[in-house]
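These notes concern the structure reproduced below.
The values are calculated or read from the model by the stated rules, or taken from the named source; none is laboratory data. Model, not experiment: these values are computed from the prediction. Heads up, the Cβs are rebuilt from the backbone with ideal geometry, glycines too, and the neighbour counts pull from every protein chain shown. Note: areas computed on protein heavy atoms with side chains; ligands, DNA, RNA excluded. Shrake-Rupley method; radii C 1.70, N 1.55, O 1.52, S 1.80 Å.
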Amino acid sequence: MIYFYLAGGLFLGWSLGANHAANVFGTAVASKMVRFKTAASLCSFFVILGAVFGGSGTSATLKSLGTVNAMAGAFVV
């Protein structure tokens with residue numbers, strides 16, 4: 001059952017990340033200013049960097065809303 005919840009979070013992160021990456025690098029890759037591998041590498045690096053340094057703010061905000069004890073509630077959050 002836990003894999004179901006993890007898969008949902010993974011899909012959500014993937015789809016949101018792909019949408020933002022397309023907004024940032026879509027035109028540059030289409031016009032061949034930047035290679036796809038370079039754009040994907042840059043996006044991956046900065047997404048991980050942002051999650052490491054900015055993730056604590058999001059966690060603090062969710063913590064101030066209250067505790068979530070159930071696995072399904074954590075999935076929704």
| note | Wholly inside the chain, helices (runs of 4 or more DSSP H) that include 3 or more residues that are modelled with pLDDT of 80 or more are 2-30, 36-65
| remark: The correct count of residues that are more than 29 Å from MET71 (Cβ to Cβ) and out of contact with any Cys (no Cβ under 9 Å at 6 or more places or on another chain) in region 1-48 is 22
| What's the number of the condition MET1 fails, among (1) touching a residue at least 24 places away in the same chain (Cβ under 8 Å); (2) open to solvent by less than 70 Å² (accessible area, probe 1.4 Å)? | (2)
